Amino acid sequence: MNTIFSKQKLVTGVLLLAIIVLLEWVLHHFKLPTWPVFMVMVFIFMSHQDNKEIPKILVGGGFGIFNIVLIKYWMGLTAASFGTWESSIAYVCLFVFSIVLFMDVLPIVFNNYAFMYFLVTAVAASLPKPNPMLWIGCELIGGAAVVILIMGLTKAVAAIMGAPAESHDIKQ
């Protein structure tokens, strides 16, 4: 039972829930979308809070969202000649192949985060009043806030537990 209800997990859970409620309240208050911000949170946790991944998450995520703008131009140029479905699949193939080609040269932009954000953005773009530029702003600004809050959470939990922050991992 101690592995489930340890002091560290309880403190971490309560502080994490406080962050989620705070973010939800701020985003809801300003009528901003939550998904770009919370995807950053998920990716931070998936990367085990590796500071080297933060720029890739933020920049790659913004690039992934921006591709919904680029695909619209692509479709305008190619859909009449190739067909709508064929043109969209060709763009996705070019996007994925670009990630494969450039991920070692420019990993801050061409990475898995960009692809995941592009996929989620494609779904979000089907909703009423899509706004990719707002989504990018939320992802970059809100995502930076998430990074700061999660790093603060890590330090707060470490301080409460009496351990140095460097040795603390949120999943412990």
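The values are calculated or read from the model by the stated rules, or taken from the named source; none is laboratory data. These numbers come from a predicted model, not from an experiment. Because the Cβ atoms are built from the backbone with ideal geometry, glycine has one as well, and the counts that use them run over all protein chains shown. What goes into the accessible areas is simple: the full protein's heavy atoms, side chains included, and nothing from ligands, DNA or RNA. Shrake-Rupley method; radii C 1.70, N 1.55, O 1.52, S 1.80 Å.
Points worth noting:
- Scanning segment 140-149 for residues that are within 14 Å of the chain's Cα centre (by Cα) and touching a residue at least 40 places away in the same chain (Cβ under 8 Å) returns Leu140, Gly142, Gly143, Ala144, Ala145, Val146, Val147.
- Filtering Leu134, Leu127 for residues that are under 21 Å from Lys31 (Cβ atoms) and touching a Leu at 6+ places or on another chain (Cβ under 8 Å) leaves a single hit, Leu134.
- Every residue from segment 64-88 that is over 30 Å from Phe43 (Cβ atoms) and either of a type in the set (S, T, N, Q) or modelled with pLDDT under 95 (or both): Thr78, Ser81, Thr84
- Matching residues, segment 116-139, being on the phi < 0 side of the Ramachandran plot and open to solvent by 70 Å² or more (accessible area, probe 1.4 Å): Met116, Leu119, Val123, Ser126, Leu127, Pro128, Met133
- Taking residues in segment 17-45 that are in a helix (DSSP H, G or I), and partners anywhere that are charged (D, E, K, R), the pairs with Cβ atoms closer than 7 Å and at least 6 places apart or on different chains are Pro36/Glu139; Val37/Glu139; Val40/Glu139.
- Only residues that are over 17 Å from Pro130 (Cβ atoms) and open to solvent by 70 Å² or more (accessible area, probe 1.4 Å) were counted across segment 67-88, and they come to 7.
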